[in-house]
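Encoded as structure tokens, the structure appears first; notes follow it.
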Amino acid sequence: MVSAVAPTRTRKKTSGSNGYDADAIQTLEGLEAVRKRPGMYIGGTGSAGLLHLVWELIDNAVDEASAGFANRIEVTFHRDGSVEVADNGRGIPIDKHAKRKVSALEVVLTELHAGGKFGGGAYGASGGLHGVGASVVNALSTKLVAEVDRDGATHRLCFQDRVAGQINGSSFKPGHTLDRIKAISKTKTGTRVRFWPDTEMFDPEAAIDWDEVRTRALRACFLVPGLKIKLVDKRAGYNNDPEEFVSRGGIADLVDHLSTGDPLTGIIAINGIETFEEKVPVDGKMTMVARECTVDVALRWTDAFDTKVQSFVNTIPTSEGGTHMAGFEQAMTRAVNDVLLKDVRKLAKLAKENKHKATKEDVQEGLVAAIKVTFPEPQFRGQTKQELGTPAVQSIVYGIVKEQMTGWFDGEGKKAHVNRVRDKLTSAVVNRVTTKQQLDNKRKAAAMGSTGMPDKLADCRSHGPDSELIIVEGDSAAGPAKAGRNSENMAILPLRGKVVNAGKASLKQVLDNAEAQALFTAVGAGSGKEFNLADSRYGRIVILCDADVDGSHIRCLLLTLMYKYMTPLLEAGRVFAAQPPLFTTKVGGETYRAFSDQERDAVTKKLARGNRKAENIKWQRFKGLGEMNVDELAECALNPDTRILRRLTMEDAKQSEQAAHLFEVLMGNDVSVRRDFLVQNSALMDRDALDI
Ligand code: 0RA
């Protein structure tokens, strides 16, 4: 943004002082457009929209700081709901704007998109869809007071319902002249803007989230080293202590802040400056201009397995990456393969099959990094404009990062640190290749029918949201389950071997486990990170196990497996346990069931009335699912009208993981100890927790 042209100022100006008022009216019309469709300008009218207003002002102050003219910003949330942003920059210019004949300050606060000229210029902090300017804050406020310290005085301009003037007590006088409210030292400069959001424009429950403010303020400090941001919360009912943030180390501090695992290296700093040329429209003509691009990167590897890379352009976060990110990733992958892993012996074997190259993901395992490029007028792309588009930046970042990482691997970095990274990335490559090979072998070796499904799966005919996969413990129960199901939408998967304890097994052990394999294959949505809920072949998964200790163990293992490797299924509430009863009896043609000794006794008491004696009520005990006949099994586990399903939650799964672990501990011990333990500890055996 080089020139500021208000989109609404298309009408020809009338002459003389008349034009001056006509401008004022047009300006109000422009702000009215914001009030008609606030969402278009601030992304909504809830808490996020309110925060957007505050950030619009903070961004301007951060721009002033990033340009080197300010080093303090103070944000105050007042008791009366107003918010004030103060900085010690040069002060927004107050001289008369040549065309508008009102102060530049008034232009900034009344014209849409006027920020480009007065808010830090081409290196603006606000990018993408945002950066609509301070006038939007005015547009959505009932009152706004701007004070500028410069030229030995504090100058003030107020707005009431968007009309410029002066407010004194309860009286408002419209006008364009700034009030000189106080003489101050000639060297003191700065800007303070306080605004009262128009509550009518926002949802009643919209409120500024303090944590969000903190996070953003902290980020701004990492991006402008030396900038102090103070936050003060005076709102009634909030007990937030004032906080002040400052970073001396900039993005290196950000990397330190983001690191969670144990560091394998110190923080590696990479920087450089390069020029490029691009064609841009200047006064309507495409013109070649020279740009200077500064590259700053900070990174470190940790012993973690995830990747945290944040990228920025000027002081704008680019959550979708873009050309700077692409250049960084290519350079890292290249430098690692060409230099760090060049003669690693462990990779020699893989080299024969040409599988020894580290991928982008291998290289970034455990990596924490921040990438910042600084240059004027960045282009953004993508749906949300959160992605840097300027093409030349890619090769600039690539060149600088490749050269300096090569240097670090090649002797500049501490030997011990370089070695740790080499070991880590070697393991990443080896693990990926061997796991994939095992998976491929497994797929071939697993007992798959011609359909690609496990042989033991009795599939249903229609899949989709109303279909279910019933996992049955043991082959003996599988027979009646198959016979009693509705084969249109119920599939049966019998378990034969032991289900792996996913809470402690390695990825390899899980993939080796035939039962886990069968489950992953039947569901058909992948596993682990690659699990895609939308691909699930069934709407529900139902675990059907005996109501005894072993059944409970198997249920724990299955649930732990799904918790670790098919998390979205659980999160979506699509996993259930069928609850077969322990006892059944028939009295007067009615069937009664009980799920515990206590319940059996309670039912007996209820039924024993008049001539019917308790001792004549004969209960039959189910030993296992396999002993039920088809009708019994259908009634208690298959028929949607009569069965009892319990929806298993993430909480159940977490408890299961612990239970599965303790099971392991208790294995081999006295059976009665085990039983007592389970009855006391497994939520899955809790009859009271059933939802019927
Ligand atoms: C452009 C020029 C000048 C000041 C500013 C922008 C400025 C804008 C904002 C927004 C928030 N705080 C600000 N502080 C300063 C003045 C240039 C000069 O005085 O020479």
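The values are calculated or read from the model by the stated rules, or taken from the named source; none is laboratory data. Please read all numbers here as calculations on a predicted model, not as lab measurements. So basically every Cβ, Gly included, is an ideal-geometry build from the backbone, and we count neighbours across all protein chains shown.
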Regarding Ala236, is this residue touching a residue at least 12 places away in the same chain (Cβ under 8 Å), loosely packed, with under 15 Cβ neighbours inside 10 Å and either in a strand (DSSP E or B) or away from the ligand (no atom under 16 Å from the Cβ) (or both)?
yes
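Within the range 575-627, take every residue that is β-branched (Val, Ile, Thr) and in a helix (DSSP H, G or I) and give me the one that is farthest from the chain's Cα centre (by Cα).
We begin by selecting, within the range 575-627, every residue β-branched (Val, Ile, Thr); these are 575, 584-585, 587, 591, 603-604, 617.
Retained after the next criterion (residues that are in a helix (DSSP H, G or I)): 603-604.
Working: Val603: 50, Thr604: 54 Å.
By that ranking, first place goes to Thr604.
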Conditions first: (1) under 36 Å from the mean Cα position of the chain (by Cα); (2) modelled with pLDDT of 95 or more. Asp63 passes all but one, so which condition is the exception?
(2)
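Okay, residues lined up against (1) touching a residue at least 24 places away in the same chain (Cβ under 8 Å); (2) crowded, with 21+ Cβ neighbours inside 10 Å; (3) not in a loop (DSSP other than H, G, I, E, B):
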site	(1), (2), (3)
Leu347	yes, no, yes
Lys357	yes, no, no
Asp362	yes, yes, yes
Glu365	yes, yes, no
Ile396	yes, yes, yes
Phe409	yes, no, yes
Asn419	no, no, yes
Ser427	no, no, yes
Gln437	no, no, yes
Which of (1) surrounded by fewer than 22 Cβ atoms within 10 Å (Cβ to Cβ); (2) more than 25 Å from the chain's Cα centre (by Cα); (3) of a type in the set (Val, Ile, Thr); (4) not in a strand (DSSP E or B) does Val336 not meet, given it meets every other one?
(1)
The correct count of residues that are surrounded by fewer than 16 Cβ atoms within 10 Å (Cβ to Cβ) and either within 20 Å of Gly464 (Cα to Cα) or of a type in the set (Lys, Arg) (or both) in the range 481-520 is 7
Every residue from the range 175-206 that is under 23 Å from Val83 (Cβ atoms), part of a loop (DSSP other than H, G, I, E, B) and not charged (D, E, K, R):
Leu178, Thr189, Phe202, Pro204, Ala206
Answer residue from the range 75-113, given it is in contact (Cβ under 8 Å) with a residue 12 or more places away in the chain, of a type in the set (D, E, K, R) and more than 12 Å from the ligand (Cβ to nearest atom) and is farthest from Met201 (Cα to Cα) among those
Lys101
In the range 519-547, what residues are within 19 Å of Ala577 (Cβ to Cβ) and in a helix (DSSP H, G or I)?
Leu519, Ala522, Val523
Working carefully through the options Ala65, Ala86, find the one that is in a helix (DSSP H, G or I) and of a type in the set (A, V, I, L, M).
Ala65
Looking at the range 185-229 only, could you name the residues that are within 16 Å of the ligand (Cβ to nearest atom) and under 19 Å from Glu56 (Cβ atoms)?
Gly190, Thr191, Arg192, Val193, Arg194, Phe195, Ala217, Ala220, Val224, Leu227, Ile229
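Kindly establish whether Ala331 is crowded, with 21+ Cβ neighbours inside 10 Å and not in a helix (DSSP H, G or I).
Numbers: crowded, with 21+ Cβ neighbours inside 10 Å: yes; not in a helix (DSSP H, G or I): no.
So Ala331 does not fit the description; no.
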What is the residue count in the range 462-474 for residues that are modelled with pLDDT of 95 or more and over 13 Å from Ser536 (Cα atoms)?
2
Criterion first (closer than 18 Å to Val163 by Cβ, buried (at least 24 other Cβ atoms within 10 Å of the Cβ), at pLDDT 95 or above and away from the ligand (no atom under 11 Å from the Cβ)) does Ala146 satisfy it?
no
Considering only the range 541-556, I want to know if a residue exists there that is over 22 Å from His661 (Cα atoms), buried (at least 18 other Cβ atoms within 10 Å of the Cβ), in contact with a Gly (Cβ under 7 Å, 6 or more places away or on another chain) and modelled with pLDDT of 90 or more.
no
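Among the strands (runs of 3 or more DSSP E) contained in the range 252-316, which hold 1 or more residues that are buried (at least 20 other Cβ atoms within 10 Å of the Cβ) and not aliphatic (A, V, I, L, M)?
Numbers: elements: 268-282, 285-301, 308-313.
So the answer is 285-301, 308-313.
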Filter result (modelled with pLDDT of 95 or more and assigned to a loop (DSSP other than H, G, I, E, B)) within the range 152-174:
Gly152, Asp161, Arg162
With respect to Thr8, determine if the residue is closer than 15 Å to Leu112 by Cα, of a type in the set (Ser, Thr, Tyr), modelled with pLDDT under 75 and surrounded by 15 or more Cβ atoms within 10 Å (Cβ to Cβ).
yes
If you check Thr333, Thr359, which single one turns out to be under 27 Å from Leu223 (Cβ atoms) and at pLDDT 90 or above?
Thr333
Looking at (1) under 22 Å from the mean Cα position of the chain (by Cα); (2) over 15 Å from Thr406 (Cα atoms); (3) without any contact (Cβ under 8 Å) to a residue 40 or more places away in the chain, which one does Gly321 not meet, given that it meets all the others?
(3)
In the set Arg609, Arg593, Arg600, Arg574, which member is buried (at least 19 other Cβ atoms within 10 Å of the Cβ), free of Cβ contacts under 8 Å to residues at least 24 places away in the same chain and not aromatic (Phe, Trp, Tyr)?
Arg600
Within the range 45-83, which residues are acidic (Asp, Glu) and either within 12 Å of Val213 (Cβ to Cβ) or surrounded by fewer than 23 Cβ atoms within 10 Å (Cβ to Cβ) (or both)?
Glu74, Asp80
Answer yes if at least one residue in the range 24-39 is assigned to a loop (DSSP other than H, G, I, E, B) and either within 16 Å of the ligand (Cβ to nearest atom) or of a type outside the set (Ser, Thr, Tyr) (or both), and no otherwise.
yes
Is it the case, given these coordinates, that Val137 is of a type in the set (Val, Ile, Thr) and modelled with pLDDT of 95 or more?
yes
